[in-house]
Amino acid sequence: MRSDRMKKGIEKAPHRSLFQAMGYLKEEIERPIIGIANSANELIPGHIHLNNICKAVKEGIRMAGATPMEFSTIGICDGIAMNHEGMKYSLGSRELICDSVEVMCKAYPFDGLVLIPNCDKIIPGMMMAALRLNIPAILISGGPMLSGRFKGKKVDLISVFEGVGKVAGNLMTEEELLELEGCACPGAGSCAGMFTANSMNCLSEALGISLPGNGTIPAVHAARLRLAKVAGIKIVELVKKDIKPRDIMTIEAFKNAIAVDMAFGGSSNTALHLPAIAYEGGVGLPLTLFDEISERVPHLCNMSPAGHHRLEDLNEAGGVYAIMKELSKKDLINKNCLTVEGRNIGDILKEVQVFDYDVIHPIDNPYHEKGGLAVLKGSLAPDGAIVKRIGVSKEIWHFTGNARVFESEEEAGAAILRGDINEGDAIIIRYEGPKGGPGMREMLTPTSILTGRGLDLSCALITDGRFSGGTRGLCIGHVSPEAAEGGPIAFVKNGDKIEIDLIKKSINLLVSDKEMEKRKRSWKRPEPKIKEGYMARYAQMVTSAATGAVFKK
């Protein structure tokens, strides 16, 4: 066993003595030792209950004859970090989480590893660690939050963000907003829509690194605890069979995940996280692959924020594997991929059915013929940009507008709140990329205010930063190269014409080459916004959003 390195032989007597100091019996030490990376804390609604999940995992591990040993990781709630300096640290935390799991698993040579995340950066960070370490591993999340109820309608966190814009636009009273904020998030779990956390938890199923149901079983359901116990049992089986993450998360598994992502209209952040996870396993996942798969995979689920269904609805309809069942009818899923369940996807799909074709449309009657995300390229984004295409009204799939340039999220948000943005404006928010931010902040506040003020059907918002999975409207992020690297977005001026075409998948700055060269010569790289600490080092090491914002080797 791998754990023999720290427990077997006469020279490991001091090590065993230290384990006994923690209360472990001789018999427990002799068994396979399973590390548990638990990101529970009292700062994230999605993580407030993870100690209960961890307890169930431990019970499953012991039932299977192994010994669990728990350690912790950090975690940030993007909603609470939003719209202030805290959001600069969110994406950077992904690398810290990955590194911290690696450090613990190198210091303690566990035989297997259980990963317990639930929110935006923690999920990909832990999956990155699984591929980097390549020891038997399984992921069990905390599950999605139930939707709230406001005036007889389902609501979620995004409803509150958009409520701020409605108050600013006199479409909602402050008293109504106060009532909404008290009921939109009813309890534990990752926010109740196909936002980044739930997108990634669902994609963990498609990748095969988690059990069926991981992405959709609500956080507060007993079925979530039962799933956690099964995960504890399964990790011991994976150890005995020596099945590792790189046996499971292959290039074909990533293609499956991208196909599912396109079918349920996931967060645009998946185009940032999936390449970063694949990178740790030596798998190349260029943005062009997302685009290729999006062209042939139909959009089957209209989930919040683009639609009205939530994760609880998808769970009752059959979950992620029911989507895969539909996609497999046109050979859009590779059935040979292995999963932590111990079987390949094809064998699991034989037992799966769709229970609600309103939530999961038949593959011959999709919401849209093409997938949820699109990669745009052009003179404004030579290396690509990402848009959640299914969240954009067809009436503005072709857009031409005048640039309104802002050097930060705060500047743009204040202008939208003041009512300074007009119909037809192309809002540019730059120096918010991985290097320039630093940390590539999510722009949920300005996008939500824009929607709340009713401008989402007449304006575009373009940034080298990124958007929340809760964003809708003509919001284009991940513009690469970013402004801080001297990308074309750095040279845009107020009044420039911006042309976007979601059919041609183009985004162009309508300025002559001669003028662009002139602007480029006069451009000076701005001073770093953070000059010390972790994010100062991060800005020096991080690569482009087009490559997943991973660290340089």
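Straight-distance candidates among the aspartates and glutamates for linking to Lys335, with alpha-carbon spacing under 16 Å and chain neighbours fewer than 8 residues away dropped: Glu205, Asp247, Glu252, Glu326, Asp347, Glu351. D by Stokes-Einstein for the range 238-373, Kirkwood Rh over Cα pairs, 10 °C, 1.306 mPa s: 104 µm²/s.
Is the range 269-318 rounded, prolate or oblate when judged by the Cα gyration tensor, a ≥ b ≥ c being the square roots of its eigenvalues, rounded requiring a/c under 1.5 and prolate requiring a/b larger than b/c? In terms of gyration-tensor shape, prolate.
Relative to the compact-globule estimate of 2.2 N^0.38 Å, the Cα radius of gyration of the range 82-227 comes out at 1.23.
Compute the orientation-averaged projected area for the range 400-545 from the convex hull of its Cα atoms and round it to one decimal in nm².
On the way: hull surface 35.5 nm².
Mean projected area for the range 400-545: 8.9 nm², to one decimal.
Modelled label positions at Asn134 and Ser393, each set 7 Å beyond Cα in the direction of Cβ, lie 5.1 nm from each other.
Can you give the local net charge around Gly372? Use residues other than it whose beta-carbon is closer than 9 angstrom to its beta-carbon, Lys and Arg +1, Asp and Glu -1. Here the charged neighbours net out to +2. Classify the range 187-244 as rounded, prolate or oblate, taking a ≥ b ≥ c as the square roots of the eigenvalues of its Cα gyration tensor: rounded when a/c is under 1.5, otherwise prolate if a/b is larger than b/c and oblate if not. Since a/c reaches 1.5 but b/c is at least a/b, the shape of the range 187-244 is classed as oblate. Listed by chain and number, the aspartates and glutamates whose alpha-carbon sits under 12 Å from that of Lys497, ignoring those within fewer than 8 places in the same chain, are Asp425.
Within the shell of other residues whose beta carbon sits under 12 angstrom from the beta carbon of Asp464, the net charge comes to -2, with Lys and Arg scored +1 and Asp and Glu -1.
If you take the square roots of the eigenvalues of the alpha-carbon gyration tensor of the range 433-518 and sort them as a ≥ b ≥ c, do you get rounded (a/c under 1.5), prolate (a/b over b/c) or oblate? Write out the running numbers ahead of the final one.
On the way: a/c = 2.04, a/b = 1.30, b/c = 1.57.
Since a/c reaches 1.5 but b/c is at least a/b, the shape of the range 433-518 is classed as oblate.
Quick one, what does Rg over Rh come out to for the range 176-298 if you take C-alpha atoms and the Kirkwood Rh? Rounded to two decimals, Rg over Rh is 1.04.
Would you mind pulling out the separation of the Cα centroids of the range 488-526 and the range 176-214, in Å? If we compute the Cα centre of each part, the gap is 37 Å. Here the range 148-169 is scanned for amide nitrogen atoms under 11 Å from the site 7 Å beyond the Cα of Leu177 along Cα-to-Cβ, giving 160-169.
Relative contact order for the range 202-253: 39 percent, from Cα pairs under 8 Å spaced at least 6 residues apart, divided by residue count. Placing a label point 7 Å from the Cα of Glu237 along the Cα-to-Cβ direction, the residues of the range 248-271 whose backbone N falls under 18 Å from that point are 248-249. Spin-label model, Glu351/Arg5: points 7 Å from Cα along the beta carbon direction are separated by 3.5 nm.
What number comes out for the charge environment of Pro144, summing +1 per Lys or Arg and -1 per Asp or Glu over other residues with Cβ under 9 Å away?
Working: positive: Arg310; negative: Glu312.
Within the 9 Å Cβ shell, the charges total 0.
Which value in deg cm²/dmol, rounded to the nearest 500, describes the helix-derived mean residue ellipticity at 222 nm for the chain, given -39,500 (n - 2.57) per DSSP H run of n ≥ 4 and division by the residue count? Kindly include the intermediate steps, with their values, before the conclusion.
Numbers: 21 runs with 213 residues, N = 553.
It comes out at -11500 deg cm²/dmol, rounded to the nearest 500.
For an R0 of 30 angstrom, estimate the FRET efficiency from the Cβ-Cβ distance between Glu407 and Tyr108 and round to the nearest 0.05.
Values: r = 46 Å, r/R0 = 1.53.
Using R0 = 30 Å, I get an efficiency of 0.05.
Between the range 10-85 and the range 447-472, what is the C-alpha centre distance in whole Å? Each part reduced to its Cα centre gives a spacing of 39 Å.
Taking a straight line from the alpha carbon of Lys329, these lysines sit under 18 Å away, with near neighbours fewer than eight places off in the same chain left out: Lys255, Lys350, Lys370.
Computed from the C-beta positions of Lys552 and Glu515 and an R0 of 35 Å, the FRET efficiency is 0.60 to the nearest 0.05. Highest mean packing comes first when the peptides 196-205, 102-111, 360-369, 433-442 are listed by Cβ atoms within 10 Å, giving 196-205, 433-442, 102-111, 360-369. Helices meeting the span-like rule in the chain (full DSSP H runs, Cα extent of at least 24 Å along the helix axis, mean Kyte-Doolittle score of -1.0 or higher): 90-107, 222-241. Geometric descriptor of the chain, per residue, is 142 Å³ (volume of the convex hull of the Cα atoms). Every Cα-Cα pair of the range 349-477 was included, and the share exceeding 18 Å stands at 56 percent.
Bear in mind these aren't lab numbers, they're just calculated from the coordinates by the rules spelled out. Only a predicted model underlies this, so the values are computations on that prediction, with no experimental measurement involved. Glycine also receives a Cβ, built like all others from the backbone with ideal geometry; neighbour counts cover every protein chain displayed.
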